[in-house]
Amino acid sequence: MTQTSLPRVRMRLLATILTPVLVLVALLSWSLASPPGASPDDDFHLASIWCGDGIRAGLCESGVNADWRMVPQALRDSYCFAFNGDRSAACQTEAVSSASSVLAASSHGNWTGAYPPVFYSVMGVFASNNVTASIALMRAFNALLFVGLSMTLYLLLPRHRRSALVWGFAVTLVPLGMFLIPSTNPSSWAIISAGTLWIALLGYFESSGLRKLGLGSIAVIATLLGATARADAAIYAIVAIVAVVLIAAKRQKNFLLSMFLPVCLVLVSAFFFFAASQSSFAATGLPSGDKATSHLSWQFLAFTDFMNVPALWAGALGSGPLGWLDTNLPAIVGVIGIAVFCAVTFTGVRTLPVRKALGLAGILGALWLIPTYVLVQSKALVGVQVQPRYILPLMILLAGVALVQSNRGTLELRRGQTITIVGALTVANSVALHFNIRRYVTGTDFASLNLDAGVEWWWAIPLSPMTVWALGTLFFAAALVALSPAIWSARTSPPGLVPQALGDGGTVGLSRTTG
């Protein structure tokens, strides 16, 4: 080993260790940016989690009949601020932040089998009579799950596929994904599944030996994460599998043998979809109860919803509110999110072979037609029932597949373009994080750049709101900087060299290019 290569190896090792830590801290900052009960529909999901492992004394007890359960009163108290942006989380009772044995009746939970049960069962492991501590652990677990699975996948993937994994996530997670991954909402697992399944399966088809085995195992885990969390995530898994098979298909015996895994994954996904009563919404629609649209013809609904479904895409990229749809973000967040998504994916389709085009067309069709169909069945217009978070997994899938390059190529941008993207995403993340913290510490009726001013609610931790915001901003930016060399163009380096972030074995270095 030469003297010049030794420092480079040390830098590679340092980057391998630091990058997942940077991402984890950024996600944990988001987990602290909202109080217990702040995830959308937490009235349903928290009760489902506490009853996720069956009847347990003090946590989930039998109610007056099979449709009712007795769960901690603190769960109901936790979302007292829902739908009222001016109300801070100070309305929470003391029972939310301390151990409490008081139970209350609830008829709103997954004991009726609406959702697949696995997410609630796993989260139920952390349930206790201290609601705040339990929810903090659940959020941290899901953040660790994302970092652990995506980092393991990154290290196993062939080098030329890594940029699609990194930037498929990077251009779609701010702000909605950053809010939902470290949360108690099943969409957390749906998002993780969407960004890891497709690329793990593609790497599986393109690899052999132990790497193929490892990538196949991650594809199985990713499929189970999505399909056992939400019924729609099971459908998205099937969409991802079909798209990858289209891209990777070869007239070779080895490929046909490799098809055994994706066929099994499709069957597993279909099983969990039909096992959950959520699947009935495909036939009956969601219960909207909106009399203003109940009389509208299906033709009118189909046309109107079809034309307006892209508003859901924009909402998934930052133009929509967070939490209980009561945390409005400034326009700059959505504008940056949409602009970066379009710019990077447009660059990705500079190479568009027929099979990649077919895969993208299928994903785009699902993005458009699935919400349109559900809305028509529900006799609802865009903005009611179907939320942006429901289709965020498909947005991640679309971005990732768009970034796949043929002939072992990788996405390449000029250094200036990369710096612009990193800077823009950092601003969007920082602004969204600031507004989200402000909404809960004081409510939106208080205005100040200093999040420590006028605090009405905060966690019982030594870190102040401003400190959490600063850490979330800095560590998110540092993570993007650490990963950005994956898309630097060869033209920004000496001839024949392409910077690689976390290269083979998860290292940072320069690889020789040919052709």
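Things to note:
- Entry note, the stretch 346-419: relative contact order of 47 percent, from Cα contacts under 8 Å with a spacing of 6+ residues.
- Global size of the stretch 166-249 as Cα Rg and Dmax, reported in angstrom: 12.9, 38
- Taking 0.36 nm per residue of separation and subtracting the current Cα-Cα distance, fully stretching the chain between L463 and D67 would add 138.4 nm.
- Mean separation of Cα contacts under 8 Å, 6 or more apart, over the residue count of the chain: relative contact order %: 22 percent
- Modelled label positions at A133 and L256, each set 7 Å beyond Cα in the direction of Cβ, lie 5.9 nm from each other.
- Point-to-point label distance, A314-T351, nm (Cα→Cβ direction, 7 Å offset): 3.4 nm
- Residue order, fewest to most surrounding Cβ atoms within 10 angstrom, among Y115, Y204, Y373: Y373, Y115, Y204
- Computed [θ] at 222 nm, helices only, for the chain once each DSSP H run of length n ≥ 4 contributes -39500 (n - 2.57): -18500 deg cm²/dmol
- Stretchable slack from A302 to T112, in nm (0.36 nm times residue separation minus alpha-carbon distance): 65.3 nm
- Neighbour counts of C-beta atoms inside 10 Å place H108, H45, H295 in the sequence H295, H108, H45, starting with the fewest.
- Segment V455-F271, extension gain: residue separation times 0.36 nm, minus the distance between their alpha carbons: 61.4 nm
- This ranking places Y390, Y440 by how few other beta-carbon atoms lie within 10 Å of each, fewest first, which gives Y390, Y440.
- When the P(r) of the stretch 42-133 is calculated, the portion above 19 Å amounts to 36% of the C-alpha pairs.
The numbers here are math on the coordinates, done by the rules we state, and not lab data. This structure is a prediction, so every number in the text was calculated from the model and none was measured. Counting neighbours? That spans all protein chains shown, and the Cβs are built from the backbone with ideal geometry, glycine included.
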